[in-house]
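Participant: Please find one structure pasted underneath; my questions will follow.
The values are calculated or read from the model by the stated rules, or taken from the named source; none is laboratory data. Here the structure is a predicted model, which is why all the values come from computation and not from measurement. Here the Cβ positions follow ideal geometry from the backbone for every residue, glycine too, while neighbour counts run over all protein chains shown. Each accessible area value is taken on the protein alone, full model and side chains, heavy atoms only, with ligands, DNA and RNA left out. Shrake-Rupley method; radii C 1.70, N 1.55, O 1.52, S 1.80 Å.
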Amino acid sequence: MKTEYLYEFSVLARTLSFSRAAQALFLSQSTLSKHIQHMEAELGVQLLLRNTHSVALTEAGRLLAGQAEQTIHQCSSAERQLRRGVFSMEGQLSIACSTEISYASHIRTFFSGFLRQYPGIDLRIEVLAKMPRDTLDRYDVVISPCNYFDLPEGSRAVLVRRHETYLVLPGGHPLMSHSTIGLHQLAGQTLLVPYADELFGPYAQNWQLAMRDCARKLNAMPVPNLSTALMLVSLGQGVLIAPRYVHALVPSDIFLVAISNPNCRFDEYLYAARPAENPAAELFIDEFLHSFPVEACK
């Protein structure tokens, strides 16, 4: 089966409209229909139920649609490897990852897969509690929630994901009864701020956002790191704004409630210092960006 036909089917399965899918694929409807018919003939199953007014997936079509994107990615990855001859690639790659992001399941899954796929690359990963600006000068790749400015010449920066934030509360706190919390409801609270001196970091930025929404009726307590903040929350000394995947660090006596303000977020950036100078770094970035939907930011 041609992978381009599989891709066309995947688009059609999402839109359930030959006209919209053909438009997105820059094909005529008749050409798209012929390709789908060729797939059905090759597979020996009917993938779509068609009439003059609608398109629906058959059970076989739903099964194929569920596997199509992963199959396309695997084929694309294999094609890139063949073009670049990376099966036996060797090299060294240093990566810095923030504490919070290191607990994200998608990051751990990607690292594990990369290590299995490229055993000849010496992948040196270091989890850092704090990431000052010069971190970019000491590692090939940095995965961080910090929005760095004035990057070194030749560097790359990509916004990978925008994560919602949660309020971390001690047991028995009055705000625990809410399904979501607006930042204005933090008026009168003590907000624990890890790495408050990292003005380009999410904790400091969300602190300033909360101060604005509370008309500055908010007490801020700078703390040295996330672990200290979680300990102080547990002791009832304040509350904390953190990303959702901090739940992996949270003890059973403290709780998370979603924050409703869309501008209060915890972004995830990938930075690379001059990747073209290190083939292993260039390969890592290429595989990473093909694994996750991303939004260029610089």
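Participant: Assigning unit charges at the beta carbon (Lys, Arg +1; Asp, Glu -1) and nothing else, what dipole magnitude in debye, to the nearest 20, does the chain show about its Cα centre? Could you put the intermediate results ahead of the total?
Facilitator: Numbers: 25 positive and 28 negative charges, 134 e Å.
Here the size comes out at about 640 debye.
Participant: I would also like to ask the following. Once the Cβ-Cβ distance between residue 128 and residue 2 is put in as r, and R0 is 51 Å, what FRET efficiency do you end up with, to the nearest 0.05? Numbers along the way, then the final one.
Facilitator: Numbers: r = 45 Å, r/R0 = 0.88.
For residue 128 and residue 2, the calculated efficiency is 0.70.
Participant: Additional query: Roughly what would the spin-label model give for residue 211 and residue 56, points 7 Å off Cα along C-beta, in nm?
Facilitator: 5.8
Participant: Counting each pair of different Cα atoms once, what's the Kirkwood radius of the range 157-242 in Å, rounded to one decimal? If you can, show how the numbers build up before the last one.
Facilitator: Numbers: mean 1/r = 0.0752 Å⁻¹.
Taking every pair of different Cα atoms in the range 157-242, averaging 1/r and inverting gives 13.3 Å.
Participant: Still on this model: With all pairs of different alpha carbon atoms counted, what Kirkwood hydrodynamic radius in Å does the range 95-172 show? All intermediate terms of the calculation are to be shown ahead of the outcome.
Facilitator: Details: mean 1/r = 0.0689 Å⁻¹.
About 14.5 Å, per the Kirkwood formula over Cα pairs.
Participant: Which Rg and Dmax, in Å, describe the Cα atoms of the range 1-65?
Facilitator: In order Rg, Dmax, the Cα atoms of the range 1-65 give 10.5, 28 Å.
Participant: How large is ³J(HN,Hα) for each residue in the range 33-43, as worked out from phi by the Karplus curve 6.51 cos²θ - 1.76 cosθ + 1.60 (θ = phi - 60°), to whole Hz, x for Gly and Pro?
Facilitator: Result, rounded to whole Hz: 4, 5, 5, 5, 4, 5, 4, 4, 5, 5, 7.
Participant: Compute the FRET efficiency between residue 33 and residue 117 as 1/(1 + (r/R0)^6), taking r as their Cβ-Cβ distance and R0 = 30 Å, and round to the nearest 0.05.
Facilitator: On the way: r = 37 Å, r/R0 = 1.24.
My answer for the efficiency is 0.20.
Participant: Tell me the angle of helix 3-15 to the major Cα principal axis of the chain, expressed in degrees between 0 and 90 and rounded to the nearest ten.
Facilitator: Between helix and principal axis, roughly 60 degrees.
Participant: Another question about this same structure. Could you bin all the Cα-Cα distances of the range 170-298 into 10 Å bins starting at 0 and give me the percent of pairs in each, rounded to whole numbers?
Facilitator: P(r) over the range 170-298, rounded to whole percents: 11, 37, 27, 17, 8, 0.
Participant: What dipole magnitude, in Debye to the nearest 20, does the range 147-298 give about its Cα centre under +1 on Lys/Arg Cβ and -1 on Asp/Glu Cβ? Please report the intermediate quantities before stating the final value.
Facilitator: Details: 10 positive and 14 negative charges, 123 e Å.
Using Cβ point charges on Lys, Arg, Asp and Glu, the range 147-298 gives about 600 debye.
Participant: Given a Förster distance of 35 angstrom, what is the FRET efficiency for residue 187 paired with residue 106, based on the Cβ-Cβ distance and rounded to 0.05?
Facilitator: Working: r = 35 Å, r/R0 = 1.00.
Plugging the Cβ-Cβ distance into 1/(1 + (r/R0)^6) gives 0.50.
Participant: Count neighbours as other Cβ atoms within 10 Å of each site's Cβ, and list the chymotrypsin sites (Phe, Trp or Tyr not before Pro) in the range 135-211 that are DSSP loop with at most 11 such neighbours. Walk me through the intermediate numbers first.
Facilitator: Numbers: sites: 139, 148, 149, 166, 195, 200, 203, 207; in loops: 139, 148, 149, 195, 200.
Sparse-neighbourhood loop chymotrypsin sites (Phe, Trp or Tyr not before Pro): 149.
Participant: Assuming a viscosity of 0.890 mPa s and a temperature of 25 °C, what translational diffusion coefficient in µm² per second does Stokes-Einstein assign to the range 223-271, Rh being the Kirkwood radius over Cα pairs?
Facilitator: 202
Participant: Can you work out the accessible area per residue across the range 143-217, with the rest of the protein chains kept in place, probe 1.4 Å, in square angstrom? Can you show the working numbers first?
Facilitator: Working: 3480 Å² over 75 residues.
Heavy-atom accessible area per residue stands at 46 Å².
Participant: How big is the convex hull of the Cα atoms of the chain, per residue, in Å³? Please report the intermediate quantities before stating the final value.
Facilitator: Numbers: hull volume 54.7 nm³, N = 298.
In the chain, the Cα hull volume divided by residue count equals 183 Å³.
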